[in-house]
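Okay, so here's the structure we're looking at.
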Amino acid sequence: MRGTHSFLVNEETAEFSIDSETHFNPPVLNIQLGSGSIQLHADNEQLAELEYALKTYLDGIRYPETPDQQMIFVAECSAAIEEVIA
């Protein structure tokens, strides 16, 4: 099926889930919105491509000057360990 469908989800709660594939059906990505739902029937390779596209996008919008919380935690732990040793 070809076509373009647009859904504006601003200020609506969206819930996401995936139904596992069965013998007769591929996995189904469910997007539940306040006003309705969308079901995307896709095979595992297509879901992997979707995951890659989302991760690539999200990695691109992260601000590099914002410190990574894990890096801050590791630095604080290292400083605490050095204080105990000294």
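Residue count for region 24-43, restricted to those that are exposed (fewer than 10 other Cβ atoms within 10 Å of the Cβ) and at pLDDT 90 or above: 1. For residue 7, indicate whether it is among the aromatic types (Phe, Trp, Tyr), exposed (fewer than 12 other Cβ atoms within 10 Å of the Cβ) and either at pLDDT 85 or above or farther than 18 Å from residue 54 by Cβ (or both). For residue 7, the condition - among the aromatic types (Phe, Trp, Tyr), exposed (fewer than 12 other Cβ atoms within 10 Å of the Cβ) and either at pLDDT 85 or above or farther than 18 Å from residue 54 by Cβ (or both) - is not met.
Taking region 10-23, which residues are of a type outside the set (A, V, I, L, M) and either in contact (Cβ under 8 Å) with a residue 12 or more places away in the chain or surrounded by 10 or more Cβ atoms within 10 Å (Cβ to Cβ) (or both)?
Residues satisfying the conditions are 12, 13, 15, 16, 17, 19, 21.
The values are calculated or read from the model by the stated rules, or taken from the named source; none is laboratory data. Predicted, not measured: the structure shown is a model, and the values here were computed from it. Note that we place each Cβ from the backbone using ideal geometry, even for glycine, and neighbour counts take in every protein chain shown.
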